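Accompanying notes for the structure given below.
No lab work stands behind these numbers, since they all come straight from the coordinates. What you see is a predicted model; the values in this text were computed from it and never measured. Here the Cβ positions follow ideal geometry from the backbone for every residue, glycine too, while neighbour counts run over all protein chains shown.
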Number of protein chains: 2
Amino acid sequence: MDAKTLCLGALMHEDASGYEIRKLFEDGLFSAIHDVSFGSIYPALTVLLERDWVTCRVAEQNGRPDKKIYSITPTGREAFLDAISAPPAPDKMRSEMLFILSFGDYLPRADVSALVDRYIESYAAKLEALQSCTCIEEAPPVRKFVNDFGLAMYETAISFLRRHRDDLVLQASGEANSNDGPARGSNPAPVAAAGGPS
Amino acid sequence: MDAKTLCLGALMHEDASGYEIRKLFEDGLFSAIHDVSFGSIYPALTVLLERDWVTCRVAEQNGRPDKKIYSITPTGREAFLDAISAPPAPDKMRSEMLFILSFGDYLPRADVSALVDRYIESYAAKLEALQSCTCIEEAPPVRKFVNDFGLAMYETAISFLRRHRDDLVLQASGEANSNDGPARGSNPAPVAAAGGPS
DNA sequence: GGTTGCATGTAAATGGTTACATGATTGT
DNA sequence: ACAATCATGTAACCATTTACATGCAACC
């Protein structure tokens, strides 16, 4: 999903400024779904304005910088619904965590241990944020579904990591200096030490 | 994770050609982790070669095109381990599926139904591919961990979708032409029809 | 004869992140 | 005083996807 579609989606839900759209994906309704940065939101909104998919009015605020509040137009709604109706590509899983941990047998035990803990923490934080997000009660039930899906995924991730934490640490290299090779002892030398395998 | 690091990771596991690296992420050991395309693999390998992080030999094959087999060097290993030891950013969840389905109340029932089914199918296909992948048995146990994590996540996703499928379809718009507005009846008018909310 | 698999690569289009620039206000 | 929140925007950099180009072999 590109930033334009993401913005339109946010504006389907309610009028918002660029800043508020980001908050929706950071803390709010869409926090289980995606991340977007300012650097992609603001240019996206400019393009949407040129295409007449959104309109913009400026709201002056006292004590705060002015706000540009965007609203989606009927044409914008059409475009958005077309975009999400297009035949979807299968959802891709992309996890940096998995990639890193899958080389745990080359990292010192302390590193793996810290890594796992940090990942558990970050998932738990996300989970808590999702649970304590009051915004869902006001939203239509479909949005709650999405939130619950996020909850289920984070819970699975956390419980998996907790269950396998000790295993993972045991398989780590056990050396303070990680650059020499994979774990000895518990592993059958996955790759030759330095000269190139076979 | 950029393509260079991904390639190095693959080469930590075994010597491989660009083509084979892609297969590792498509079907093989890393299929639960990430996708990479040829367009990013080949340039990445060129850069790695310039940096002396990998070496390359050409293998002639009869009946098949020549192969360029890459091996990671000691310097490459160091660089790789440095890269994955860097303090990790919290794993981001990014799901196009969730985003699309969260607007199910604007889509016709048949579309939502088909959408959910297709997603279930695609997850199930991934799951089966992971289960039937024999490559894990030969790999060190940490790699099995990653695979199991993938399995757990896909299972959660599938069972969640199955459990909530009917709910989701019920909340859909129910109209053949989706462009008019959100579902009537079951939903309390999430957004005003066209003029802009509040 | 057409498709699939093996095999490498390039180029164009796209699009995103990061960092910078600016500036007021509120809380510590 | 200093950090954080609110608020918008630009530009440089980086990277990726997609499509194109090529070619042989095996299978249906």
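Brief remarks follow.
- Between A:Ser132 and A:Tyr19, the FRET efficiency from the beta-carbon distance, with R0 = 25 Å, is close to 0.70.
- Taking a straight Cα-Cα cut-off under 16 Å and skipping sequence neighbours fewer than 8 places away in the same chain, the lysines within cross-link reach of B:Lys68 are B:Lys23.
- Pair-distance distribution of the range A:4-78: all C-alpha pairs, bin width 5 Å, starting at 0; shares per bin in whole percent are 3, 17, 29, 25, 17, 7, 1, 0.
- According to the Cα-based calculation, Rg over Rh for the protein assembly as shown is 1.02, with Rh computed by the Kirkwood formula.
- About its Cα centre, chain B has a charge dipole of approximately 80 debye under the convention of +1 per Lys or Arg Cβ and -1 per Asp or Glu Cβ, with nothing else charged.
- Local net charge near B:Arg94, Cβ-Cβ under 11 Å (Lys/Arg +1, Asp/Glu -1): -1
- Calculated FRET value between B:Arg64 and A:Thr55, using beta carbons and R₀ = 41 Å, to 0.05: 0.10
- Local electrostatic count, A:Leu11, Cβ distance below 12 Å [Lys/Arg +1, Asp/Glu -1]: -1
- Residue exposure proxy: A:Ile100, A:Ile120, ordered by other Cβ atoms within 10 angstrom of their Cβ from fewest to most, comes out as A:Ile120, A:Ile100.
- Counted over all Cα-Cα pairs of chain B, pairs farther apart than 22 Å make up 62 percent.
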